[in-house]
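**Q** Handing you a structure now.
The values are calculated or read from the model by the stated rules, or taken from the named source; none is laboratory data. This one's a predicted model, so the numbers in the text were calculated from it and none came from an experiment. Note: ideal-geometry Cβ built from the backbone for every residue, glycine included; neighbour counts use all protein chains shown.
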Amino acid sequence: MKLLAFSGKFVYKDLYTKFEVPENLRATLVKPYLNDKAKLVVALLDPSLADDYKLLKEAILHEFKTAPSYLLNKFQTLTKDSSETFILYGSKLMTLLNYYLDIRSIDKDFTKILELLVCDRVKAVLDDACLKHILALENSANDGWLRLT
């Protein structure tokens with residue numbers, strides 16, 4: 001199993017939590033399952049950084065340049081392959097949405113989810129100049145997006 005390049009979090013995060021895997025083992029456990037590009041990123045890291053799961057994750061995500069807009073677009077445009085089941089398709093959608101919510105620092109807060117969805121919908125109808133301005137402001141925001149309030 002290889003990690004997907006569009007991931008905003010590692011697939012193993014939920015398993016690590018479920019099985020209470022200690023922080024100091026997480027990076028070691030995920031390394032064999034990284035794709036070639038991610039393995040190259042790890043090889044270039046300082047060894048002390050490569051053993052820290054959070055720093056390893058940040059370095060790989062930075063290299064993949066996983067942008068929130070990419071994840072949202074991927075979620076909105078993902079189509080079901082004829083060879084996959086609806087359960088698999090639904091799982092892919094859930095994973096993408098979880099990645100998107102993670103990268104936006106939503107933390108499964110229902111109110112924040114609603115506000116983020118509304119903000120994304122508003123951005124979809126903005127003219128180009130206004131959208132560029134909002135995106136520039138979002139880049140400097142702490143959690144990467146502007147709230148309505």
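**Q** Condition test on LEU40, is it in the same structural domain as ASN24 (by TED's automatic domain parsing) and under 29 Å from LEU29 (Cα atoms)? Please lay out each step first, then the result.
**A** Working: in the same structural domain as ASN24 (by TED's automatic domain parsing): yes; under 29 Å from LEU29 (Cα atoms): yes.
Yes: the conditions hold for LEU40.
**Q** Right, another one. Tell me, yes or no, whether the range 7-28 has at least one residue that is outside the structural domain of LEU117 (by TED's automatic domain parsing), crowded, with 18+ Cβ neighbours inside 10 Å and modelled with pLDDT of 85 or more.
**A** Yes, the range 7-28 contains a residue that is outside the structural domain of LEU117 (by TED's automatic domain parsing), crowded, with 18+ Cβ neighbours inside 10 Å and modelled with pLDDT of 85 or more.
**Q** Okay, moving on. Kindly indicate whether LEU126 is modelled with pLDDT under 85, surrounded by 13 or more Cβ atoms within 10 Å (Cβ to Cβ) and over 17 Å from the mean Cα position of the chain (by Cα).
**A** Details: modelled with pLDDT under 85: no; surrounded by 13 or more Cβ atoms within 10 Å (Cβ to Cβ): yes; over 17 Å from the mean Cα position of the chain (by Cα): yes.
Taking the combined requirement at face value, the residue does not satisfy it.
**Q** Is there any pair with a first residue in the range 74-87 that is closer than 19 Å to TYR99 by Cβ and a second that is hydroxyl-bearing (Ser, Thr, Tyr) whose Cβ atoms are under 7 Å apart and which are 6 or more apart or on different chains, and what are they?
**A** Listed by first residue and then by second, the contacts come to PHE75/TYR100; LYS80/TYR89.
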